[in-house]
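The values are calculated or read from the model by the stated rules, or taken from the named source; none is laboratory data. Small disclaimer: the values here were computed from a predicted structure and weren't measured. Every residue, glycine as well, gets a Cβ built from its backbone with ideal geometry; the counts of neighbours run over all protein chains shown. The area values use the complete protein model at the heavy-atom level, side chains included, leaving out ligands, DNA and RNA. Shrake-Rupley method; radii C 1.70, N 1.55, O 1.52, S 1.80 Å.
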Amino acid sequence: KGSRPASGRPSNLTKRGGFGDAGGLTAGGELPATEPVPVSSENDFKQKCSKLVVELDVKKDWDARIRAMLQLEGMVLGGASRLGNFLDELRNLKDALTEQLNDRRSAVSRVACHLLGELAVTLGNKFEPLAVHF
């Protein structure tokens with residue numbers, strides 16, 4: 001028997017049916033934490049983005065696609081947005097990210113929405129030309 005928080009739900013229960021067995025959320029109702037992913041150079045970022053394009057293919061398992069989006073967010077947190085080729089590489093990912101936004105699995109689309117929000121905040125006005133695509 002788990003203790004019951006103010007919400008009345010036992011604290012040892014998790015949501016079912018999504019990433020990490022929690023619908024794209026942690027047991028506390030948050031999106032998974034993203035750790036910064038260091039990017040050493042523009043070439044390193046380009047290589048990592050090339051791998052992301054493959055991982056974001058809708059034919060891939062949905063949890064692999066979520067991990068790929070979390071990795072991109074981690075690269076942003078790691079400073080990739082300051083690289084000269086960041087926007088170009090992001091443009092190369094826009095179709096794959098759009099597919100994630102439109103995915104029928106809510107865990108995938110939820111992470112995609114969060115990622116785009118983080119990109120918009122990080123890039124500010126520089127995100128505007130991409131925003132019309134989404």
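Summary table
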| quantity | calculated |
| --- | --- |
| Test result for Gln47, at pLDDT 95 or above and open to solvent by 80 Å² or more (accessible area, probe 1.4 Å) | yes |
| From Ala80, Ala64, residue being under 20 Å from Ala120 (Cβ atoms), open to solvent by less than 60 Å² (accessible area, probe 1.4 Å) and not basic (Lys, Arg) | Ala80 |
| Condition met for Lys51 (within 15 Å of the chain's Cα centre (by Cα) and more than 20 Å from His114 (Cα to Cα)) | yes |
| Subset tally (residues that are among the hydroxyl-bearing types (Ser, Thr, Tyr) and either open to solvent by less than 20 Å² (accessible area, probe 1.4 Å) or touching a residue at least 12 places away in the same chain (Cβ under 8 Å) (or both)) for segment 108-134 | 1 |
| Failed item in (1) open to solvent by 70 Å² or more (accessible area, probe 1.4 Å); (2) in a loop (DSSP other than H, G, I, E, B), with Leu31 passing the rest | (1) |
| Selected residue (only one of Asp88, Asp57 is modelled with pLDDT of 95 or more and open to solvent by 80 Å² or more (accessible area, probe 1.4 Å)) | Asp88 |
